[in-house]
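See structure below.
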Amino acid sequence: MNDVATAGGLVVRGNHILLIRRGGAMFAIPKGHVEAGESAKQAAIREVEEETGVKAEIVDYLGEVRRQSKEKNGETVIKVIKVFKMTQAGVSDRPPDEESEWVDVHGATDRMYFVEEGLFLKQQVEQKIIP
């Protein structure tokens, strides 16, 4: 299986993080593919804005989430997601691609659509990296 570089961010506001909705009451980290000529940081900032409508600034690098995924062409790949801690810097001029919500970080860990993202978020909370 091939690795696919992706990046995203956890925008933090107090005890809340900005997540996108998946499957009704479930959530996911806003993220997407790193485009040619783009750094993971640039991709994370762009993807957060595209998916949530929030302009964000990177505070720190949190780590990497790896999970199996099926691409649109049917190929099964390993998504390597570089995740950054972010703060809100503004609001986008264009509408978001996804439905997003500010979610209490402690309630979100068990409501993540992707198990690997839930485990990653739980680790961040336990280590007090995210409030």
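Here are the numbers for this structure:
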item	result
Criterion: part of a strand (DSSP E or B) and touching a residue at least 60 places away in the same chain (Cβ under 8 Å) - qualifying residue of 59, 77, 65	77
Top-ranked residue of segment 15-32 - restricted to ones that are of a type outside the set (A, V, I, L, M, F, W, C) and at pLDDT below 95, ranked as surrounded by the fewest Cβ atoms within 10 Å (Cβ to Cβ)	24
Among residues of segment 84-103, those that are in a strand (DSSP E or B) and within 23 Å of residue 120 (Cβ to Cβ), counted	9
Selected residue (criterion: farthest from the chain's Cα centre (by Cα)) from residues of segment 28-38 that are part of a strand (DSSP E or B) and free of Cβ contacts under 8 Å to residues at least 40 places away in the same chain	33
Scope segment 1-27; condition farther than 16 Å from residue 130 by Cβ, among the aliphatic types (A, V, I, L, M) and in a strand (DSSP E or B); matching residues	4, 5, 7, 20, 26
Selection within segment 15-67 - among the small types (Gly, Ala, Ser) and either in contact with an Asp or Glu (Cβ under 9 Å, 6 or more places away or on another chain) or within 11 Å of residue 83 (Cα to Cα) (or both)	28, 32, 40, 43, 44, 53, 56, 63
Every residue from segment 104-119 that is in contact (Cβ under 8 Å) with a residue 60 or more places away in the chain, surrounded by 17 or more Cβ atoms within 10 Å (Cβ to Cβ) and not in a loop (DSSP other than H, G, I, E, B)	105, 108, 112, 117
Which numbered condition residue 90 misses (of (1) at pLDDT below 95; (2) among the small types (Gly, Ala, Ser); (3) exposed (fewer than 13 other Cβ atoms within 10 Å of the Cβ))	(1)
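Residue-by-condition table, conditions (1) farther than 15 Å from residue 20 by Cβ; (2) buried (at least 18 other Cβ atoms within 10 Å of the Cβ); (3) at pLDDT 95 or above:
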site: 49; (1), (2), (3): no, yes, yes
site: 70; (1), (2), (3): yes, no, no
site: 78; (1), (2), (3): yes, no, yes
site: 81; (1), (2), (3): no, yes, yes
site: 86; (1), (2), (3): no, yes, yes
site: 121; (1), (2), (3): no, yes, yes
site: 127; (1), (2), (3): yes, no, no
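The values are calculated or read from the model by the stated rules, or taken from the named source; none is laboratory data. It should be emphasised that the depicted structure is a prediction, and the values quoted were computed from it without experimental measurement. Note that each Cβ is placed from the backbone with ideal geometry, even for glycine, and that neighbours are counted across all protein chains shown.
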